[in-house]
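K.L.:
Have a look at the structure that comes next, please.
The values are calculated or read from the model by the stated rules, or taken from the named source; none is laboratory data. The structure displayed is predicted, hence computed values, not measured ones. Ideal geometry is used to build each Cβ from the backbone, glycine not excepted, and the neighbour counts take in all protein chains shown. Side chains are part of the model used for accessible areas, which takes the heavy atoms of the whole protein and leaves out ligands, DNA and RNA. Shrake-Rupley method; radii C 1.70, N 1.55, O 1.52, S 1.80 Å.
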Amino acid sequence: MTVYSIEPHNNERLYKTLVNDVLAGTWNWDIKANYLYVSPSLKAMIGYGEDELVEFATWRDIMHPDDIAIVDEALKAHFNSKGEIAYSPDVRYYHKNGSIVWVTCTGRVIEWGENGQPLRMVGVHIDITKYKVIEQKLKKTKDLLNKTNLSVSLGGWEFDVANNKLAWTRVTKQIHEVPFNYEPSVDDALGFYKEGLGREALRKGVEGAMATGKSYDTEALLITTTGREVWVRTIGNAEFEDGKCVRLFGTLQNIDEEMKIKLELQSSEARFKGAFENSTIGMALVSPEGKWLKVNQNLISCLGYTEDELNQITFQDITHPEDLEKDLDLLNKLIKGEVHHYQMEKRYFHKNGSVIWALLSVSLVRDERGNPLHFVSQIQDITDKKLQEEQIKATLDVVNHQNERLLNFAYIVSHNLRTHSGNFQSLIDMVNDPETEPDEKTHLLKLLQNVSTQLSDTIVNLNDVVSIQTSNLKKASINLNSYIERTIDVVAGDVSKHRVIIKNNVDPAAEVLYHPAYLESILLNFVTNSIRYRHPERQPEIIINLTDTVGGRVLTVADNGLGIDLARHGKNLFGMYKTFHGNKEARGVGLFITKSQVEAMGGKIDVESKVDEGTTFRVFVS
């Protein structure tokens, strides 16, 4: 074999054309002379100019330290084998900017000495940095995938149909708890799965994949070699050639923890659904905005709406206005985490318009980030309980009112009758005194007559009080406007004398259910009081109205008279023999009688008044 040498000093133009324009990153090493020629393109590859890196030793200086030994070993092997062992190491050089440049150094000795020593070697450097970077990324990805597979217990498997050979990855063997040298068989593989629906689904999935190429994804219980039951997910895919299945491959993942959580959640949801649907009280899932998401039958029956109707409205829409603000305030505290749950009594509007009292208990369900998902509301109908409480309260109110009346009555008996009795005894003693002159006796007898008259008045007043508390009164439908006009006629003389303006604003058709004598007495008392306690510096004016309110119809009698200092006299305003304006004719019985009459009719009375501005009495009537 003839070996031709290439001399860079001869035919230089042709040589440079070849190495610079054709071979790119080339080099020529005269080993005997220790002279190295490097093409400009190779120098440019690592960032240097044509006039740089002219010394042989300099190239070793910019080579990565870890690769110097590799290059030396590769050269030695090439030299010792007389070129039989190729010289082609991958080497890292430091680019002039400090980065790493990967190159494949391919070279060959082309001239040998008589004693077999290498004299000249030529080669080429190929920049493989991009490929090395990709290779390293792929390696990292593979390592990461292997670690990920271990962390998520994801293994692989492959079945060679033609050779009937099954292969498992390391993780797959770990899931089965078999040794790493275990050689699985197709028959054994299916036997690891617990008999039942999961195993049958897996068998059908394998058969279907081999027959039609359809992939499968099943969950089943696997029994390991230690007897432990583990939930796994198996995914399988088929590969066909010439219409025939030649390979099955897929993954096996340990999903035991997730599956147990899933099953527990399903069980918990089933228990919650059963408790929700069969609860003896109303239950609902409500969105943070107040929409009904889900309601049970008990709540539907309680509120009177269908589920579809409730889905179209919010709980705010059917909450009594007086309870809404408190409910929303508690909801906001629940959302902010200031309370974990809350309970309150509130009112809902039934579909038929009636009011439903409920005991509301609310808790909040949040997502994994802590954001509100929905409220769980328990709504117990306590309307009957509330009605009973109101009846009891009403009874107690009546008892309290009766006690107040008894106290007033006792005051009359203990004070007024005793006063009259004392006066009688004193006068009689003086009349019977032998030393009393005849004229004086005559005067004393007149005084006795006056005391008797006063006692008679007192007894009449007491009789009025007793009749109010004991009579079985019958109500009748009365035209309120006509009774007001009758009252105005009765006081016509005083109206004319004092130039009183009375405005009867009641609808002429308005009817009230009341005892006639009581209604006449109440109207007369209000009107005469307004005239009696008129303001001396302005024309008296009385305005009478009947208005509809949430609590019922209200009769109001308002005047612009002297007014009453309620801060001083409010508690005693309706007491027996309580007067407030120093009127000598006032007996303090009128308002007491009026209040008793109103309450005997099942109503109530209240008052607003300001000194020097006037007074307004309100009577709630049916």
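K.L.:
Using DSSP to call loops (not H, G, I, E or B), can you name the GluC sites (Glu not before Pro) in the range 498-561 whose Cβ has at most 16 other Cβ atoms within 10 angstrom? Before the final figure, lay out the partial values.
P.N.:
On the way: sites: E511, E520, E537, E541; in loops: E537.
Taking the range 498-561 and a limit of 16 other Cβ atoms within 10 Å, the loop GluC sites (Glu not before Pro) found are E537.
K.L.:
Additional query: Quick one: how many Å² of F159 are accessible to a 1.4 Å probe, rounded to 10?
P.N.:
Rounded to the nearest 10, that gives 20 Å².
K.L.:
Which ³J(HN,Hα) values in Hz, rounded to whole numbers, follow from the phi angles of the range 99-115 under the Karplus curve 6.51 cos²θ - 1.76 cosθ + 1.60, where θ = phi - 60° and Gly and Pro get x?
P.N.:
Each residue's phi maps through the Karplus curve to give 6, 9, 10, 8, 9, 9, 9, 9, x, 8, 6, 10, 8, 10, x, 4, 8 Hz.
K.L.:
Same structure again: Just list whichever of K326/K386; K351/K595; K262/K326; K294/K346; K475/K571; K173/K204 have alpha carbons separated by over 27 Å in the model shown. Can you show the working numbers first?
P.N.:
Working: K326/K386 19 Å; K351/K595 38 Å; K262/K326 38 Å; K294/K346 20 Å; K475/K571 30 Å; K173/K204 23 Å.
Correct reply: K351/K595; K262/K326; K475/K571.
K.L.:
What are the ³J(HN,Hα) couplings of the range 313-324, residue after residue, when phi is run through the Karplus curve with 6.51, -1.76, 1.60 and θ = phi - 60°? Round to Hz, x for glycine and proline.
P.N.:
10, 10, 5, 4, 5, 10, 8, 4, x, 6, 9, 5
K.L.:
Right, something else. Within straight cross-link reach of K82, meaning Cα distance under 19 Å, which lysines are found once same-chain residues fewer than 8 apart are removed?
P.N.:
K32
K.L.:
If you don't mind, another one. Under a plain spin-label model, where a point goes 7 Å from the Cα along Cα-to-Cβ, how far apart in nm are S301 and D612?
P.N.:
Each label point lies 7 Å from its Cα, and together they span 6.5 nm.
K.L.:
Same structure, new question: With the crude spin-label approximation of a point 7 Å out along Cα→Cβ, what separation in nm comes out for S287 versus K204?
P.N.:
3.9 nm
K.L.:
Here's something else I'd like to know. In terms of modelled amide H atoms, which long-range or inter-chain residues lie less than 5 Å from the amide H of E111?
P.N.:
L119, R120
K.L.:
Around E541, which amide H atoms from residues at least 5 apart in sequence, or from another chain, sit under 5 Å from its own amide H, with H modelled in the peptide plane?
P.N.:
The answer is I501, N560.
K.L.:
Sticking with the crude label model, points 7 Å out along Cα→Cβ, report the distance from M430 to A509 in nm, one decimal please.
P.N.:
With each label placed 7 Å out from Cα toward Cβ, I get 6.6 nm.
K.L.:
May I ask for the net charge around V246, where only other residues with Cβ less than 9 Å from the Cβ of V246 are counted and Lys, Arg are +1 while Asp, Glu are -1? The partial results should precede the final answer.
P.N.:
Numbers: positive: K244, R247; negative: D160, E239, E241, D242.
Computed value for this residue: -2.
K.L.:
Continuing with this model, one more query. For K273, give me every one of the aspartates and glutamates with a C-alpha distance below 15 angstrom, ignoring sequence neighbours fewer than eight places off in its own chain.
P.N.:
Answer for K273, where 15 Å is the Cα cut-off: E264, listed by chain and number.
K.L.:
Filter the trypsin sites (Lys or Arg not before Pro) in the range 165-272 down to the DSSP loop ones having no more than 10 other Cβ atoms within 10 Å, then list what survives. Please list the in-between numbers first.
P.N.:
Numbers: sites: K165, R170, K173, K194, R199, R203, K204, K214, R228, R233, K244, R247, K260, K262, R271; in loops: K194, K214, R228.
Listed in order of number, the matching sites are R228.
K.L.:
So if R0 is 22 Å, what FRET efficiency would I134 and D66 give, r being the distance between their Cβ atoms, rounded to the nearest 0.05? Don't skip to the answer; put the middle values down first.
P.N.:
On the way: r = 21 Å, r/R0 = 0.94.
E(calc), rounded to 0.05, equals 0.60.
K.L.:
Let me ask another. In whole Hz, with x marking every Gly and Pro, tabulate ³J(HN,Hα) for the range 592-601 from phi via Karplus 6.51 cos²θ - 1.76 cosθ + 1.60, θ = phi - 60°.
P.N.:
Computed from phi, the couplings for the range 592-601 are 4, 5, 4, 4, 5, 5, 4, 5, 5, 8 Hz.
K.L.:
For K139, list the lysines whose Cα falls under 20 Å from its own Cα; do not include residues on the same chain fewer than 8 positions away.
P.N.:
K130, K147
K.L.:
L373 to W112: FRET efficiency via 1/(1 + (r/R0)^6), r the Cβ-Cβ distance, R0 60 Å, to the nearest 0.05?
P.N.:
0.10
K.L.:
When only DSSP loop residues count, what GluC sites (Glu not before Pro) in the range 279-380 have their Cβ near at most 15 other Cβ atoms within 10 Å? Please list the in-between numbers first.
P.N.:
On the way: sites: E289, E307, E309, E322, E325, E338, E345, E368; in loops: E289, E338, E368.
Here the GluC sites (Glu not before Pro) that fit, given the DSSP loop and packing criteria, are E289, E338, E368.
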